[in-house]
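Before any comments, here is the structure.
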Amino acid sequence: MLIQGSAVPVTEDIYTQLECSKRAEYLMSVRNVEVICGEVMRDES
């Protein structure tokens, strides 16, 4: 999810690009939201 230009994970689950795309299509079809799938790097510091 993008909040003020920053990417924020909305779940701890990991999805393949295809799974994410399918879920994004579903969410956009039932809600007025824009979902973009992408790679998120976790800061482990």
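Here, each number is a calculation from the coordinates, and none is a lab measurement. Keep in mind it's a predicted model, so treat the numbers as computed, not measured. Quick reminder, even Gly has a Cβ in these numbers, built from the backbone with ideal geometry, and neighbours come from all protein chains shown.
Tabulated results
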read-out	value
Cβ crowding within 10 Å averaged over residues, with 26-32, 15-21 ranked highest first	15-21, 26-32
Karplus-derived 3J(HN,Hα), 6.51/-1.76/1.60, for each residue of segment 28-36, Hz, glycine and proline x	5, 7, 9, 9, 8, 9, 10, 10, 10
Gained length - residue 35 relative to residue 22, 0.36 nm times residue gap less alpha-carbon distance	3.6 nm
Karplus-derived 3J(HN,Hα), 6.51/-1.76/1.60, for each residue of segment 13-25, Hz, glycine and proline x	5, 9, 10, 6, 4, 5, 4, 5, 4, 5, 5, 4, 4
